[in-house]
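What follows is one structure encoded as structure tokens, with my remarks underneath.
The values are calculated or read from the model by the stated rules, or taken from the named source; none is laboratory data. From a predicted model like this one, the values you see are computed outputs, not experimental measurements. In case anyone asks, the SASA skips ligands and DNA or RNA and just uses the protein heavy atoms, side chains included. Shrake-Rupley method; radii C 1.70, N 1.55, O 1.52, S 1.80 Å.
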Amino acid sequence: MRQTLPRSTRVPSRRRFLASGLAMLGAGATVLQPSRSRAAETVVLRKLAAEKGLLYGTTIAATQITGDPPFVDLVRHEAGLVVAENEMKWQVMNRGAPGDDDFAPADTIAAFAAANKLVLRGHNLLWYHRTPEWFFDLPDRSAQNRAVVDHIRQLAGRYRGRIHSWDVVNEPIEPKDGRPDGLRTAVFLETLGPEYLDLAYHTARDADPNARLVVNEYDVELDAPEQEARRIALLHLLEEMRRSGTPVDAVGIQAHLTAAGGPPFSAPLLRRFLADIASLGLTIQITELDVTDENAPADVMVRDALVADTYRRFLDVALEEPAVKMVVTWGLSDRHSWIVRRETYQAKWRTDDTASRPLPFDADLGPKPAFDAIAGAFAHAPPREAG
């Protein structure tokens, strides 16, 4: 049954998020002002999510915990889960030699989660893009195998019993590399072969038996040939992992979306893909959700309406699938967005002099139409068994 909020806290309807004259999103309607509404004062995202059996969370950084108290208060208020944005990535932690890892920033985040009774998510154990330089200079496969095992044991073991779920391998798929299995031809596959996946997941299971083990992947949400190829390859990988006994519990769908331009969104296609994952007995986590506005008009109200509508359309479909148990936005406020600070992925940057607005709260920590869109999706989502 579709539940609605009381009149005093009801989130805006779909029509309020549409911008006039933009055919890709349909007919125009009134757009929300980017100021804090009465609904946003009383509606709390983590609570709305929890009522439907969902976990809602955000990234956080150690420097934000120690240096931005107003933002941290917002995280405490809105989020039920936190994930280290960068502090648990191998190359970020490592100071230049095997085993020489700095755990202090990650420990700060783990302590913050524990002190505030927040669920802690682990990101990530292996990612080709954040591998220490010294790994490439190891003399042979045996040394490389040992380094992978030692790293996973050390990191997952350090937070044993405190992590809800680990992105064990981040972004293992790349059909463009031309392999029949669709795997990414990068450092771990090149050095250890496809068996590195089984090695990583078994090592993670041994290091923290209660953590949910996740395959985290991007560009599987939209109706485009390259994304269809990625979906097919990911499903094949998951099927093979299940057949071979590789311990995998969940799929992470990153969902870095774009508000204007790019491939179209197909609700039936996404719905079928999520059902295919669920049919394998796996749960689903939306792990890195944000909506960039690089192709949207400069007008803030129009941009915010487009961003909000993109959140709403995606979440309305994703949350129809009962296997979806978690939604994590890749940041909570535009003040601390990887896109706003232009950390990477230049194609997502705006080319004018306006700042991107990809997240539920603006840089001044005020709620935007995106907040209302996410709240509305949670409020209207079918209930599910918490996972």
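Things to note:
- 222 nm mean residue ellipticity, helices alone, for the chain (DSSP H n ≥ 4; -39,500 (n - 2.57); rounded to 500): -11500 deg cm²/dmol
- If you sort HIS164, HIS380 by accessible surface, 1.4 Å probe, largest first, the order is HIS380, HIS164.
- Cα-based helix-to-principal-axis angle, 369-380 vs the chain, degrees rounded to 10: 80 degrees
- Of all accessible heavy-atom area on the chain, the percent that carbon and sulfur account for (1.4 Å): 51 percent
- Per residue, the stretch 233-317 exposes an accessible area of 31 Å² to a 1.4 Å probe, with every protein chain left in place.
- Using a cutoff of 8 angstrom between alpha carbon atoms and counting only pairs six or more residues apart, the relative contact order for the stretch 230-387 works out to 24 percent.
- Database remark: amide H of LEU183 closer than 5 angstrom to the amide H of GLU174 (H placed geometrically; neighbours at sequence offset of 5 or more, or on other chains; Pro and chain starts carry no H).
- For the chain, averaging the sequence separation of C-alpha pairs within contact (under 8 Å, six or more residues apart) and dividing by the residue count gives a relative contact order of 20 percent.
- Other-chain or far-sequence residues with amide H under 5 Å of GLY122's (modelled H): HIS164, SER165, TRP166, ASP167
- Extension gain, ASP102 to ASP206: 0.36 nm times the residue separation minus the Cα-Cα distance gives 35.2 nm.
- In the context of the full protein assembly, SER279 retains an accessible surface of approximately 90 Å², using a probe radius of 1.4 Å and ignoring ligands and nucleic acids.
- By a 1.4 Å probe calculation restricted to protein chains, THR351 has an accessible surface near 140 Å², given to the nearest 10.
- Once you divide the Cα radius of gyration of the stretch 78-155 by 2.2 N^0.38 Å, the number left is 1.22.
- Antiparallel bridge percentage (DSSP; both residues within the chain; nearest 5): 10 percent
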